[in-house]
Amino acid sequence: MAKTGNPGKSADWNPAAYARFRSLRLRPALDLLAQVGDLPKGQIIDLGCGNGAVGPALSMRWPDRKLIGVDNSPAMLAEAAATGAYRRCDLADLTEWQPKKPPALIFSNAVLHWVGDHATLLPRLAGWLAPGGTLAVQMPRQYGAPSHRFLREFAQEMFPDRFDFAGWEPPVAGAAEYARMLAPLGRVNAWSADYIQRLDPVDGAHPVRRFTESTALRPFVEKLSAAEQAAFIARYEIALAAAYPPEADGSVLFPFRRVFFTVTVP
């Protein structure tokens, strides 16, 4: 196990930094939403709602349903509440949360990769659904890409007292593995997609570092002093420049893989 800790329990999220790539982060959520079919009566849960980016789309799709946002970040929940899309926003640890009533839909976009033991977690979530309800999940699976692999490699080399990835395994499995895992629970639709994201040039940073700094990079730099952060980020920037060279206009093409699935219970 890596000594990186659980990013979901670290310092609070920065909504402004996360929202910098709002359109790129929203597209997978909309692709997941398009695969959700008819629902029984019940509430809609946006589990790990973050800053509420998906709230308006969920509210528009089911305008007569009670939409509840759940997250463990007070800063993100404040942003979500400000959208006006949610009937209520609840502060909760996602590993301990459970609904008061069986929901029609639990929609989770880009959050469950922070939570371990999916073989236990996912059946538990599906078990809370109303009959005919759906669990819909999207998670990044970028761990083998240079953008994420460099973080683990450099952290362990430079700060072995704080980072140990011996025996580390990716927290997100492949789509086929989720299809097998969830098949006993109901009707499953599982797939993956590579999004070729074009990142605009930015001053003072490689575009990929700017993309990862509010997510994948967070649990690493939080364990470092200011001087250590500077050395770590400088090395990361050099490696990113080689792995993701700029296009003629200065932008960078950044392939990003995501895993999706829906399971509808009987």
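Computed from the coordinates by the stated procedures, all read-outs in this text should not be read as laboratory data. Quick caveat, the model's predicted, so the values are computed rather than measured. Glycine also receives a Cβ, built like all others from the backbone with ideal geometry; neighbour counts cover every protein chain displayed.
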Dividing the mean separation of Cα pairs under 8 Å (6+ apart) by the residue count of region 7-264 yields a relative contact order in percent of 21
With springs only between Cα atoms under 10 Å, which of L224, L151, L47 fluctuates most in a Gaussian network model of the chain? L224
Apply the Karplus parameterisation 6.51 cos²θ - 1.76 cosθ + 1.60, with θ equal to phi minus 60°, to every residue of region 184-198 and state each ³J(HN,Hα) to the nearest whole Hz, in sequence, with x for glycine and proline. x, 8, x, 7, 10, 10, 10, 7, 9, 8, 9, 9, 8, 8, 9
What ranking do Y178, Y195, Y143 get, fewest neighbouring Cβ atoms within 10 angstrom at the top? Y195, Y143, Y178
Pick from F107, F165, F211: which residue has the top mean-square fluctuation in a GNM of the chain where Cα pairs under 10 Å get a spring? F165
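When a/c is below 1.5 the answer is rounded, else prolate if a/b is larger than b/c, else oblate, so apply that to region 182-266 with a ≥ b ≥ c taken from the square roots of the Cα gyration tensor eigenvalues. Present the calculation step by step, with values, prior to reporting the outcome.
On the way: a/c = 3.98, a/b = 1.77, b/c = 2.25.
Oblate, since a/c reaches 1.5 and b/c is not below a/b.
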If the chain between A176 and E222 were fully extended at 0.36 nm per residue, the gain over the current Cα-Cα distance would be 13.2 nm
Amide N proximity, region 84-103 versus T120 label position 7 Å along Cα-to-Cβ, cut-off under 15 Å: 94-97
By count of other Cβ within 10 Å, fewest leading, how are R88, R27, R258 ordered? R88, R27, R258
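Mean residue ellipticity at 222 nm from the helices of the chain, using -39,500 (n - 2.57) per DSSP H segment of n ≥ 4 over the full residue count, to the nearest 500 deg cm²/dmol?
Roughly -10000 deg cm²/dmol at 222 nm, from the helical runs in the chain.
Please order K100, K223, K66 by the number of other Cβ within 10 Å, starting at the fewest.
So the residues, fewest neighbours to most, are K100, K66, K223.
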Between region 192-254 and region 156-172, how far is it from one alpha carbon centroid to the other, in angstrom? 19
From the C-alpha gyration tensor of region 7-264, square roots of 5λ in Å: 32, 20, 18
Most fluctuating of A119, A136, A179 in the GNM of the chain (C-alpha, under 10 Å) is A119
Using bins 10 angstrom wide from zero, how does P(r) for region 54-157 break down, in % of all Cα pairs? 12, 39, 31, 13, 4, 0
